[in-house]
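Peer 1: Once you've had a glance at the structure underneath, I'll fire off some questions.
The values are calculated or read from the model by the stated rules, or taken from the named source; none is laboratory data. Computed from a predicted model, the values in this text were never measured in an experiment. Counting neighbours? That spans all protein chains shown, and the Cβs are built from the backbone with ideal geometry, glycine included.
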Amino acid sequence: MNAAVLAQLKIETPGGSGSCVADNGFCPEWIADNLDRYWTPLLEHVFLTIVPVAIGFVIALGLAVLAHRRRWLTGPIVTITGIFFAIPSVAAFFLLQPLTGLGYTTAMVALVSYTLLIIFRNITNGLRNVPAETRDAALGQGLTDRQLLTRVEFPMAVPEIMAGLRIATSTTVGLAALAVFAGAGGLGSEILTDRYFKSNVVVAGGLAVLLAAVLDLALLGLQRVLTPWQRARA
């Protein structure tokens, strides 16, 4: 919102919310009147969070199963995904633009790459923390390697897998705010547009925090559904 518009608001509503806006203050009336402007950026932010995490989970799951069968692959995979994770997020958005251009593709490639290390390490750790005696008992009952993986190892690794998903999701919510530099929108676009206006920053930032909390609670609920034995033990 430029200075001319702010000045006009101040003239039109002296002493009211317009004056507050002109002073770049925290304006509850302005927030109540303008909540609808955040609906589209919020939906874009949800998309920029859920889709990269889902894609990253599928990729990391495949890599983790491969590394679980061939342990020597763990080191190279951790190294490569660690390099992706170490690249500064803003730099990643700009570095990808010559290859993928502005828009969702650039944002998706960058955001997916940041989820891989977190999810991969949690899946592999969960699978490898299954007690050896449990594996031996399952094999003794005639289970094949594939049945051992799907019926024993994965179910027992669910808590660690879900912990990785929760961390990756919360991290992606924050990084998605920077996707505006890739031309992908999201709540970051609102913050960048009026970054000196306190009310705007509070609402856009608060919605991002709320989104992270809601998604974390949803994943925690899913974990409880997938681990009924933990509820029974509790």
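Peer 1: When you scan the range 45-64, how many residues do you find that are under 17 Å from Met162 (Cβ atoms) and either in contact with a helix residue (DSSP H, G or I) (Cβ under 7 Å, 6 or more places away or on another chain) or at pLDDT below 95 (or both)?
Peer 2: Total meeting the criteria: 7.
Peer 1: A further question on this structure: Of the conditions (1) surrounded by 16 or more Cβ atoms within 10 Å (Cβ to Cβ); (2) part of a helix (DSSP H, G or I), Arg224 fails just one. Which one is it?
Peer 2: Every condition holds for Arg224 apart from (1).
Peer 1: Restricted to the range 42-62, and to residues that are surrounded by 21 or more Cβ atoms within 10 Å (Cβ to Cβ) and of a type outside the set (Gly, Ala, Ser), which residue is nearest to Thr150 (Cα to Cα)?
Peer 2: Phe57
Peer 1: Tell me which residues, restricted to the range 96-140, are without any contact (Cβ under 8 Å) to a residue 60 or more places away in the chain, surrounded by 14 or more Cβ atoms within 10 Å (Cβ to Cβ), farther than 17 Å from Val51 by Cα and not charged (D, E, K, R).
Peer 2: If the condition is that a residue be without any contact (Cβ under 8 Å) to a residue 60 or more places away in the chain, surrounded by 14 or more Cβ atoms within 10 Å (Cβ to Cβ), farther than 17 Å from Val51 by Cα and not charged (D, E, K, R), then Thr100, Asn122, Asn125, Gly126, Val130, Ala138, Leu139 are the ones that fit.
Peer 1: On the given criteria, is Val51 under 23 Å from Ala182 (Cα atoms) and assigned to a helix (DSSP H, G or I)?
Peer 2: For Val51, the condition - under 23 Å from Ala182 (Cα atoms) and assigned to a helix (DSSP H, G or I) - is met.
Peer 1: Quick check on my filter: what residues within the range 64-95 are among the β-branched types (Val, Ile, Thr), surrounded by 13 or more Cβ atoms within 10 Å (Cβ to Cβ) and without any contact (Cβ under 8 Å) to a residue 40 or more places away in the chain?
Peer 2: Answer for the range 64-95, where residues must be among the β-branched types (Val, Ile, Thr), surrounded by 13 or more Cβ atoms within 10 Å (Cβ to Cβ) and without any contact (Cβ under 8 Å) to a residue 40 or more places away in the chain: Ile80, Thr81, Ile87.
The rows are residues; the columns are (1) within 14 Å of Leu42 (Cα to Cα); (2) small (Gly, Ala, Ser).
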{"position": "Glu160", "(1), (2)": "no, no"}
{"position": "Thr169", "(1), (2)": "no, no"}
{"position": "Gly183", "(1), (2)": "no, yes"}
{"position": "Gly186", "(1), (2)": "yes, yes"}
{"position": "Leu192", "(1), (2)": "no, no"}
{"position": "Lys198", "(1), (2)": "no, no"}
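Peer 1: Which helices (runs of 4 or more DSSP H) does the range 63-148 wholly contain that include 2 or more residues that are over 26 Å from the mean Cα position of the chain (by Cα)?
Peer 2: Qualifying helices (runs of 4 or more DSSP H): 132-140.
Peer 1: Is the range 150-168 home to any residue that is among the acidic types (Asp, Glu), out of contact with any Leu (no Cβ under 8 Å at 6 or more places or on another chain), under 30 Å from Asp33 (Cα atoms) and in a helix (DSSP H, G or I)?
Peer 2: There is no residue in the range 150-168 that is among the acidic types (Asp, Glu), out of contact with any Leu (no Cβ under 8 Å at 6 or more places or on another chain), under 30 Å from Asp33 (Cα atoms) and in a helix (DSSP H, G or I).
Peer 1: Which members of the range 181-201 meet the condition of being assigned to a helix (DSSP H, G or I) and either out of contact with any helix residue (DSSP H, G or I) (no Cβ under 8 Å at 6 or more places or on another chain) or crowded, with 23+ Cβ neighbours inside 10 Å (or both)?
Peer 2: Ala182, Leu187, Gly188, Glu190, Lys198, Asn200
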